[in-house]
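Bear in mind these aren't lab numbers, they're just calculated from the coordinates by the rules spelled out. As the structure is a prediction and not an experimental result, all values here were calculated from the model. Glycine gets a Cβ as well: all are built from the backbone with ideal geometry, and neighbour counts include every protein chain shown.
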Amino acid sequence: MAGEFYVTRFVLAQPKEIQFQAGQYVIFLIGPPKGRHTLSIASAPAQRGSIDILQSVAPRGGGSTWLLALKSGDTVQFLGPLGKFTLQKESKRPKVFVATGCGLAPLRSMILDYLETSGTARVTLWWGLRHETDIFWQEELDGLRKKYPNFQYTMTLSKPVDAWMGVRGRVTQHVVGETTELTHSEFYLCGSRQMIIDMKGLLTDNGVPSEQIFTETFF
Ligand SMILES: Cc1cc2nc3c(=O)[nH]c(=O)nc-3n(C[C@H](O)[C@H](O)[C@H](O)COP(=O)(O)OP(=O)(O)OC[C@H]3O[C@@H](n4cnc5c(N)ncnc54)[C@H](O)[C@@H]3O)c2cc1C
């Protein structure tokens, strides 16, 4: 779809519908050599008859190679939904989502779910990618920003070309300094282990209670 990122929709055959909480994941049974492949559901829970998956194929391990080889019409099996990285929907705190790369997957599900079910708290997304060629879902994010006044997002590139006019650097360089009501907000972090360690450290050093920080480490 863009750069190393692929979005795939799996239409459910048996059972025909799934119920899950935004942020949860599934485990695909992919056979040898890897056996199982864990991927977050990127679509909103209201989409019952199918799930959307966002895969970074850069690792080219067993899982991403399996996904790349799938053809339209193939039948696959998965276990789920699983996981406790879910949105605190009832909380009135401003919600700050921080993702790197495909870490956007469960956050997209949460953001769509929250906004589409009339969530009124302020919702801010920080999304870190490397290059311009990695950018996708920008139209959708722009559409959400237009439709929901409580939603803002910033995409930041760590390795842009010189001509890039947008925000530069890693998400960790921006979030603390540019979040109003920092210590009152709740944070949802998803992506690489290093980003989550760095981001969590910055947040707690700046007074955010750890109970307000929710994380999912992908790799
Ligand atoms: C709860 C959970 C949810 C996940 N959801 C997603 C998801 O929605 N989309 C997704 O793409 N992945 C997701 N992952 C990671 C996923 O399970 C795989 O690790 C990843 O997709 C690569 O699979 P692979 O089999 O090709 O390579 P692996 O054999 O899993 O990994 C090969 C190597 O690449 C590294 N690696 C894995 N992912 C990346 C990456 N994105 N960028 C750079 N290096 C990487 C690994 O650390 C390892 O060293 C999730 C993981 C967990 C635990």
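Taking the convex hull of the alpha carbon atoms in the chain, what volume per residue do you get, in Å³? List each step's numbers first, then the result.
Values: hull volume 27.5 nm³, N = 219.
For the chain, the hull spanned by Cα atoms encloses 126 Å³ per residue.
Are there trypsin sites (Lys or Arg not before Pro) in the stretch 63-93 that DSSP puts in a loop and that have at most 13 other Cβ atoms within 10 Å, and which ones?
On the way: sites: 71, 84, 89, 92; in loops: 71, 84, 89, 92.
Here the trypsin sites (Lys or Arg not before Pro) that fit, given the DSSP loop and packing criteria, are 71, 84, 92.
For the cross-link pairs 95/146; 34/159; 89/200; 95/147; 16/89, which exceed 23 Å when the distance is taken from alpha carbon to alpha carbon?
On the way: 95/146 18 Å; 34/159 32 Å; 89/200 21 Å; 95/147 17 Å; 16/89 26 Å.
Correct reply: 34/159; 16/89.
Working ranking of peptides 23-30, 151-158, 104-111 by packing, defined as the average number of other Cβ atoms within 10 Å per residue, highest first, is 104-111, 23-30, 151-158. Estimated from the Cβ-Cβ distance and a Förster radius of 41 angstrom, the FRET efficiency linking residue 58 and residue 92 is about 0.60. Charge dipole (Cα centre; +1 on Lys/Arg Cβ, -1 on Asp/Glu Cβ; no other charges) of the chain amounts to roughly 320 debye. Taking other C-beta atoms within 10 Å as the exposure proxy, 137, 127 rank 137, 127 from fewest upward. Calculate log10 I(q)/I(0) of the stretch 5-82 for q = 0.11, 0.17, 0.19, 0.20 Å⁻¹, where I(q) comes from the Debye formula with a single equal point scatterer on each Cα and nothing for solvent. Reported log10 I(q)/I(0), two decimals: -0.25, -0.63, -0.79, -0.88.
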